[in-house]
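The structure appears below as structure tokens.
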Amino acid sequence: MKNDYYSILGVDRTAVSEEIKASYRKMALKYHPDRNPGDKESEEKFKEAAEAYEILSNPEKRELYDRYGHEGLKGTGFQGFSGFEDIFSSFGDIFEDVFGFGSSRARSRTAARQGSDLRYDLKISFIDAAFGTSPEIEIERFEKCGECGGSGAAPGTQPTVCPTCRGVGQVTRSSGFFSISSACPQCHGAGKIIENPCRTCRGTGKLRVRKSIQLKIPPGVETGSRLRLRGEGEEGEYGGPRGDLYVFIYIEPHDIFGRDGSDIVCGISIPMSMAVLGGNIEVPTLEGKERMKISKNTPHGKVFKLRGKGIPHLRGFGRGDQLVQVTVEIPTGLSRKEEKLLKEFAKLRGEL
């Protein structure tokens, strides 16, 4: 049996791509064979981590794994760890960050790269979670500078190709079986040199801005539910697409209702006489008061069910139920007449 990929990388199942990448960086640094020569255990851990990262960093493969586990990946042609010969081509950007170099097979530093993902924690009310809501949120993210169009150069000028690396962003040297590349010392990996930087963005090509986004929260979400908004993350690098925005939902507790999946739970008190004789009582629901029948001889703690009065199913049709637990009140502060009648009742029952 293979180990769980999330456990291998030491991240939660709700971790976003940046958290997964950061964890893999640490493991690659710790267990890389070049740093642990002859250590088979480190080599195996390195292979496990590389395999886990390959799946969890790919949105489609990750979704299959989350739904069906390792079995779900069989139809994708995934064979596990691809071997050291191809690892630089798969994880070149990781190894550049960790070790300061990549292989000739690794992509250029100036190749288009997707922007970083963002995370937003959103609190909503119990009722909004039950029936859905459309809140507007504000996030901060980097966007392309409008003054220079993202080039980083002052208007009317253009960056020039770096003469050292000729626009690649890397310089290459041979080392054993590999052609080792490192960031160009002149342009620091950008591939271009900006002689007249844009005053607005100071040559970065990006500005940090506040952005309003309208969300659509579906009915039935729970604490820990996650929404993914494609293309609402950080600006990409070198013309790459934006990252994604992940909205994590937290539900505020309700004064009356609790929750058990799609069912809601509440408690009501009834007088002792109603518990014995039965009757009708109004109970709170998500949509207002509703009359509920109390059957005769209802014991303390009995749970009644109001069908279809719970929370809509998040992935399906219909709603859960409302579970109403009864507390039987014991009368206090009896008048003399009430006490006398209660004693007579007890005598008739043979309890005195």
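The values are calculated or read from the model by the stated rules, or taken from the named source; none is laboratory data. Predicted, not measured: the structure shown is a model, and the values here were computed from it. Positions of Cβ are backbone-derived with ideal geometry, glycine not excepted, and every protein chain shown enters the neighbour counts.
Among the candidates I311, I294, I330, I270, the residue that is exposed (fewer than 11 other Cβ atoms within 10 Å of the Cβ), touching a residue at least 24 places away in the same chain (Cβ under 8 Å) and not polar (S, T, N, Q) is uniquely I330. Restricting the first member to segment 13-26 and to residues that are closer than 20 Å to D121 by Cα, and the second to residues that are part of a loop (DSSP other than H, G, I, E, B) and not small (G, A, S), the beta-carbon pairs closer than 7 Å and six or more apart or on different chains are V16/D117; S17/D117; E18/D117; E19/V11; I20/V11. Within segment 300-309, is there a residue that is outside any loop (DSSP other than H, G, I, E, B) and either within 30 Å of E138 (Cα to Cα) or among the basic types (K, R) (or both)? The answer is yes, given that some residue of segment 300-309 is outside any loop (DSSP other than H, G, I, E, B) and either within 30 Å of E138 (Cα to Cα) or among the basic types (K, R) (or both). Meeting the requirement of 1 or more residues that are over 30 Å from R319 (Cβ atoms) and at pLDDT 90 or above, the strands (runs of 3 or more DSSP E) wholly within segment 119-217 are 136-144, 206-214. With respect to the stated conditions, G69 fails to be at positive phi, at pLDDT 80 or above, surrounded by 15 or more Cβ atoms within 10 Å (Cβ to Cβ) and out of contact with any Phe, Trp or Tyr (no Cβ under 7 Å at 6 or more places or on another chain).
Taking (1) modelled with pLDDT under 95; (2) closer than 24 Å to R319 by Cβ in turn, R228 satisfies each apart from (2). Identify the residue in segment 22-39 that is in a helix (DSSP H, G or I) and touching a helix residue (DSSP H, G or I) at 6+ places or on another chain (Cβ under 7 Å) and, among all such residues, is surrounded by the fewest Cβ atoms within 10 Å (Cβ to Cβ). Looking at the filtered set, the residue picked out is L29. Can you say whether F248 is under 30 Å from R210 (Cβ atoms) and either of a type in the set (F, W, Y) or not in a strand (DSSP E or B) (or both), as far as the supplied structure shows? Taking the combined requirement at face value, the residue satisfies it.
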